[in-house]
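Each remark here refers to the structure printed beneath this line.
The values are calculated or read from the model by the stated rules, or taken from the named source; none is laboratory data. Keep in mind the model is a prediction, meaning the values are calculated, not measured. Here the Cβ positions follow ideal geometry from the backbone for every residue, glycine too, while neighbour counts run over all protein chains shown.
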Amino acid sequence: MRHLHKGVSFAIGLAVLGASLAACGGGDSSTGANESGGQIELTIGTFTEFGYESLLPEYERLHPGIKITHHKTGEGGPYHQNLITKLAAGSGLEDVTAVEEGHFSDIVDKGGKFNDLTEIGPKDVTADRWLGWKYDAGKDSDGRLIGYGTDIGPLALCYRKDLLAAANLPSDPAGVKALFASWDSYFAAGQSYVQKTGKPWFDASSQLYNSMINQLDVGYFDRGNNLTIESNPGIKAAWDRVTTAIGQGQSAKLVAFGNEWKTGFAQGAFATTVCPSWMLGVVKEDAGPANAGKWAVTDAFPNGGGNWGGSYLTVPKQSKHPKEAAELAAWLTAPEQQLKAFQAKGNFPSQTQALTSPELLNQTDPYFGDVKTGELYAEQARKVTKAQYKGPGDGQIQENVTSPALQAVEQGKSPADAWQQVVDGANKIAK
Amino acid sequence: MTTSTALEPRQRAPRGEPVRPTLRERIAKWDVKVSPYLYIAPFFVVFAIVGLFPLLYTAYVSLFDWEVGDDHPKFLGLKNYAELLGDGQFWNSVVNTLSIFVLSSGPQVVIAVLLAALLNTRLRGPTGWRVGILLPYAASLVAIGIIFANLFGPNYGLVNSIFESLGLGRVDWQANRFASHLAIATMVNWRWTGYNALIVLAAMQALPKDVLEAAVVDGAGAIRRFVSVTLPMLRPTLIFVVITSTIGGLQIFTEPKLFDAMPGSNNGGSTHQFQTVTLYMYQSGFESFDLGYASAIAWVLFLLIVVIAVLNFLITRRMGRIR
């Protein structure tokens, strides 16, 4: 530095300061939705796999004035956190924004920030495109349609044929139907399985409990967004049933989707598990090729059917091209397109017409003994009668209150104390 | 500023006339006065933007009922703080944090000093050893978290398998509160002990040799020399190590988050048995979207760290005096 000219060193000082300030101030705030040369640029935000990779170029071909940018996020959790934050910030969301069913409760009371699709969407898109319950669940607290349904996750039950046979329980498709007809028969079978083998019957109590709650007419919230946890007898009944089963040693006490749960599949630590359509892939991956042919899936689910998972396409009010965005969302959620997405990534379509298509009905899965999985899940999807209303905080109660409390019971806490934990936790979230 | 003028050869002012400073002289004067500030300014400017402003803005937000997406947050005054002081889950998280902090920082500093003393002896390939103990620090925190969570898995974890083969009982590392703290503290210790040992080692090597030699002449043994001479002289370094590990230990977040068997959970276990203050703060802010409450937690945590850091400073200073 000594040889540097004083003026030069002064200039460097200024330059360093300027550069550091510029680095702080820099940051582009472009949202992407800009016209360029008469073209309309649309953005679409999805997470994990929607199967839209080949569909979006096709749409661009059909609509020469439209250019689409696809923002894809690997994981659902961060995607939805980002969604809520950008919704709050009032900018940055894509013109077409996907929302998962489990996170829909976080936006259900923020419907004002989304466009009513019956107003801006194409008029030929009507309720009869979708299964009734799927369509209804796309409405906000005020009953405005804010999301077009994409896929669903109808519930079935997966079981280990060999383990059931070893315990002298029926393991053929006809025989298990009686076993899995109701929750009573399911838990009774579990008790005799435990008595005969000394091994657990199901993987994680929260999986069963959540399915039972989803079958209720009213969930954690009524339509007025009032918490029903203490007034709704169905919730406590489900709790009592599951905690009783834990007491009988029916639970493998694994945490769903955790590492040990995955190992449990490979080790054959349990005989049954709740199987939404997308779970087949999870079972295959975690149980591995060594267990091929041992797992079976049945269209008998205790007390009828149910749904777990699936998404919606919304058009936030922040979009600068709501009409064009709604047209894109309507096109993507048409039966033809969702069927292509199903073939690409296995996302089970929610459109009635798609559920009767031969491509779907003829789909089989060799891992599960060549059962016609498409037909099976289409049947399960029709068993769902109505959409349960999910109030704001619904997803959080499931993730942060009931699931941990059930885990606590599995770890030795008394069901009565854990129920108090549920009531306190739910009240805190609903506050 | 035109540097071309400054580069021209200087013209001397005629004798006797009052010297009017040339542009170059004025620049030189400014250079001496202002340049040092310009050089250190980047730090302070960046600090003001990413350090001081968020700190003060957090204090402002903590006075409101501010949910993500609220267009008109309601002013609450100190109500968030009042609620926080009566919140059982918060105090539970404070106890967890302190427990994990004591279980990690305590053994960590002791082992670091002993390790440094060992490394300070004559060893073959000293650089290899020194780099070796720093290796855990270079590993990715998230990778460590995932691996340790697997090691401490209650059903299929390696630690429990070893315990079982040794004839000891299985430990439910997730359910048992103390066991979970121990498992998390192990992660912290594994990562940070080597780093602290190197800092202590550097200080040890900078100690004046003559004092130690004088102790040898006086007939002090190795242990006596270490306790009575080396340790007291390491005091400033130990204060530094203790304070940085206090700050790090009380902000512990990634380890308990990844330790939870429930993927992505911020609950810190089924009954919050290992939820730390930062984890609770994160959950309040980014899962419950209650920014006001989360900001209040952040400030109380800040004050807590200041208090404990000051306490540690006083204790460490005193310990040196007694010796």
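Results, tabulated for the structure shown:
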{"quantity": "Filter result for the condition that a residue is part of a helix (DSSP H, G or I), small (Gly, Ala, Ser) and farther than 26 Å from residue B:275 by Cα, over B:149, B:117, B:183", "calculated": "B:117"}
{"quantity": "Residue list for region B:54-89, filter: part of a strand (DSSP E or B) and among the charged types (D, E, K, R)", "calculated": "B:65, B:67, B:74"}
{"quantity": "All positions within region A:132-175 that are among the small types (Gly, Ala, Ser) and on the phi > 0 side of the Ramachandran plot", "calculated": "A:143"}
{"quantity": "Within region A:227-242, considering residues that are without any contact (Cβ under 8 Å) to a residue 12 or more places away in the chain and surrounded by 13 or more Cβ atoms within 10 Å (Cβ to Cβ), the one farthest from the chain's Cα centre (by Cα)", "calculated": "A:237"}
{"quantity": "Top-ranked residue of region B:134-168 - restricted to ones that are in contact with a Phe, Trp or Tyr (Cβ under 8 Å, 6 or more places away or on another chain) and more than 14 Å from chain A (Cβ to nearest Cβ), ranked as nearest to residue B:261 (Cα to Cα)", "calculated": "B:144"}
{"quantity": "Looking only at region B:37-74, and only at residues there that are modelled with pLDDT under 90 and within 12 Å of another protein chain (Cβ to nearest Cβ), the one that is surrounded by the fewest Cβ atoms within 10 Å (Cβ to Cβ)", "calculated": "B:71"}
{"quantity": "Members of region A:205-233 found to be touching a Ser or Thr at 6+ places or on another chain (Cβ under 8 Å) and closer than 19 Å to residue A:179 by Cα, listed by number", "calculated": "A:205, A:207, A:209"}
{"quantity": "Pair list, Cβ under 6 Å, 6 or more apart: region A:246-274 residue within 13 Å of chain B (Cβ to nearest Cβ) and closer than 16 Å to residue B:156 by Cβ, other residue surrounded by fewer than 21 Cβ atoms within 10 Å (Cβ to Cβ) and of a type in the set (Ser, Thr, Tyr)", "calculated": "A:260/B:156; A:263/B:156"}
{"quantity": "One residue from A:339, A:328 being free of Cβ contacts under 8 Å to residues at least 40 places away in the same chain, over 27 Å from residue A:205 (Cα atoms) and part of a helix (DSSP H, G or I)", "calculated": "A:339"}
{"quantity": "Members of region A:87-105 found to be in contact (Cβ under 8 Å) with a residue 12 or more places away in the chain, surrounded by 16 or more Cβ atoms within 10 Å (Cβ to Cβ), out of contact with any helix residue (DSSP H, G or I) (no Cβ under 6 Å at 6 or more places or on another chain) and over 21 Å from residue A:53 (Cα atoms), listed by number", "calculated": "A:101, A:104"}
{"quantity": "Which listed residue is within 30 Å of residue A:397 (Cβ to Cβ), away from chain A (no Cβ under 14 Å) and among the charged types (D, E, K, R), from B:287, B:255", "calculated": "B:255"}
{"quantity": "Residue selected from region A:266-275 under the condition of a type outside the set (Ser, Thr, Tyr) and closer than 27 Å to residue A:105 by Cα, by the criterion surrounded by the fewest Cβ atoms within 10 Å (Cβ to Cβ)", "calculated": "A:274"}
{"quantity": "Within region A:251-265, considering residues that are assigned to a helix (DSSP H, G or I) and among the hydrophobic types (A, V, I, L, M, F, W, C), the one surrounded by the most Cβ atoms within 10 Å (Cβ to Cβ)", "calculated": "A:261"}
{"quantity": "Selection from region A:161-192 of residues that are farther than 22 Å from residue A:238 by Cβ and among the acidic types (Asp, Glu)", "calculated": "A:162, A:172"}
{"quantity": "Lone qualifier among B:317, B:321 - being assigned to a helix (DSSP H, G or I), more than 14 Å from every other protein chain (Cβ to nearest Cβ), at pLDDT below 90 and over 30 Å from residue B:182 (Cβ atoms)", "calculated": "B:321"}
{"quantity": "Residue list for region A:266-290, restricted to those being farther than 18 Å from residue A:381 by Cβ and either of a type in the set (D, E, K, R) or not in a loop (DSSP other than H, G, I, E, B) (or both)", "calculated": "A:266, A:267, A:272, A:273, A:282, A:283, A:284, A:285, A:286, A:287, A:289, A:290"}
{"quantity": "Test: residue in region B:294-303 that is surrounded by fewer than 20 Cβ atoms within 10 Å (Cβ to Cβ), of a type outside the set (A, V, I, L, M), farther than 30 Å from residue A:423 by Cα and away from chain A (no Cβ under 12 Å)", "calculated": "yes"}
{"quantity": "Flag for residue B:244 being away from every other protein chain (no Cβ under 12 Å), surrounded by fewer than 17 Cβ atoms within 10 Å (Cβ to Cβ) and under 29 Å from residue B:151 (Cβ atoms)", "calculated": "yes"}
{"quantity": "Criterion (under 23 Å from residue B:229 (Cα atoms), exposed (fewer than 13 other Cβ atoms within 10 Å of the Cβ) and out of contact with any Leu (no Cβ under 7 Å at 6 or more places or on another chain)) met by exactly one of B:123, B:168, B:115, B:135", "calculated": "B:123"}
{"quantity": "Residue satisfying condition, being away from chain A (no Cβ under 14 Å), closer than 30 Å to residue B:285 by Cβ, aliphatic (A, V, I, L, M) and in a helix (DSSP H, G or I), within set B:110, B:102", "calculated": "B:102"}
{"quantity": "Residue pairs meeting the criteria (Cβ under 6 Å; at least 6 apart or on separate chains; first more than 7 Å from chain A (Cβ to nearest Cβ) and more than 19 Å from residue B:151 (Cβ to Cβ), in region B:261-276; second among the β-branched types (Val, Ile, Thr) and assigned to a loop (DSSP other than H, G, I, E, B))", "calculated": "B:276/B:252"}
{"quantity": "Residue, nearest to the chain's Cα centre (by Cα), within region A:411-427, restricted to residues that are more than 8 Å from chain B (Cβ to nearest Cβ) and not small (Gly, Ala, Ser)", "calculated": "A:422"}
{"quantity": "Residues within region A:195-209 that are farther than 13 Å from residue A:273 by Cβ and part of a loop (DSSP other than H, G, I, E, B), tallied", "calculated": "2"}
{"quantity": "Count of residues meeting criterion [within 14 Å of chain B (Cβ to nearest Cβ) and surrounded by 22 or more Cβ atoms within 10 Å (Cβ to Cβ)] in region A:365-394", "calculated": "2"}
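So that you can scan it fast, the table gives a plain yes or no per residue for (1) surrounded by fewer than 16 Cβ atoms within 10 Å (Cβ to Cβ); (2) closer than 17 Å to residue A:211 by Cβ; (3) in contact with a strand residue (DSSP E or B) (Cβ under 9 Å, 6 or more places away or on another chain):
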position	(1), (2), (3)
A:107	no, no, yes
A:113	no, no, yes
A:125	no, no, yes
A:128	yes, no, no
A:143	yes, no, no
A:156	no, yes, yes
A:160	no, no, yes
A:180	no, yes, yes
A:186	no, yes, yes
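Yes/no per residue for (1) within 14 Å of another protein chain (Cβ to nearest Cβ); (2) among the small types (Gly, Ala, Ser); (3) assigned to a helix (DSSP H, G or I):
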residue	(1), (2), (3)
B:121	no, no, no
B:124	no, no, no
B:170	yes, no, no
B:179	yes, yes, yes
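For (1) at pLDDT 90 or above; (2) surrounded by 12 or more Cβ atoms within 10 Å (Cβ to Cβ); (3) of a type in the set (S, T, N, Q), each residue gets a yes or a no:
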{"position": "A:10", "(1), (2), (3)": "no, yes, no"}
{"position": "A:32", "(1), (2), (3)": "no, yes, no"}
{"position": "A:36", "(1), (2), (3)": "no, no, yes"}
{"position": "A:61", "(1), (2), (3)": "yes, no, no"}
{"position": "A:68", "(1), (2), (3)": "yes, yes, no"}
